[in-house]
1. What FRET efficiency would be calculated for the residue pair Q94, A71, taking the C-beta separation as r and a Förster radius of 25 Å, to the nearest 0.05?
2. Quick one: in the range 1-56, what % of C-alpha pairs are over 18 Å apart?
3. Based on the Cβ-Cβ distance of Y5 and R107, what FRET efficiency does E = 1/(1 + (r/R0)^6) give at R0 = 30 Å, to the nearest 0.05?
4. Compare the peptides 41-47, 97-103 by average per-residue count of other Cβ atoms within 10 angstrom and give them in order, highest first.
5. Distance between the C-alpha centers of the range 4-29 and the range 32-76? Whole Å please.
Amino acid sequence: MYMPYPFQIIQSPTKVHMAFTFTSTGRTIHLDKVEGPPDLTYMGHSVGRWEGDTLVVDVTEFNGKNWFDRAGNYHGEALHVTERFTPISKDAIQYEATMEDPDVFTRPWKISMPLYRRLEPNAQLVGGLRRKPLVTRWESETMVVDIKRKVPEGDKLYEWYRR
């Protein structure tokens, strides 16, 4: 959450989805009762609840294969993150996260910062049309995906945009 890249929050009655421009990643916060993932994941499994105006999210089921930052600060599979998203104005949310991982840290630690809405004219968030895709090939530990945009015949918006 503390990276300087735009992201978008989409809410439904039972889910909050976050779409990140960084690595074109998505995250779902479940507000309803769901079964956990069949395996550990990079972004963990997020289960949220409302406490007044604050969205409180418990995140578990991390695979321990990524870092907190570019400095290499890491975590293990036992990581438990408790996040709090509290509106402070129509254009800002106070974000707090408490990290607990007894396999890596001697005690819990916390970060806190405001998240601001992009207000500049023509700000583009996730899902905006692009003349050239950001990614044409994606590789992970278990998969390689070559990405090619498929445009339905007669798509007038795409034809207008690529001019």
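Computed from the coordinates by the stated procedures, all read-outs in this text should not be read as laboratory data. Model, not experiment: these values are computed from the prediction. Every residue, glycine among them, receives a Cβ derived from its backbone with ideal geometry; neighbour counts consider all protein chains shown.
1. 0.50
2. Looking at the range 1-56, the distances longer than 18 Å represent 39 percent of pairs.
3. 0.50
4. With the highest mean Cβ count within 10 Å placed first, the list reads 41-47, 97-103.
5. Measuring centre to centre over Cα atoms gives 13 Å.
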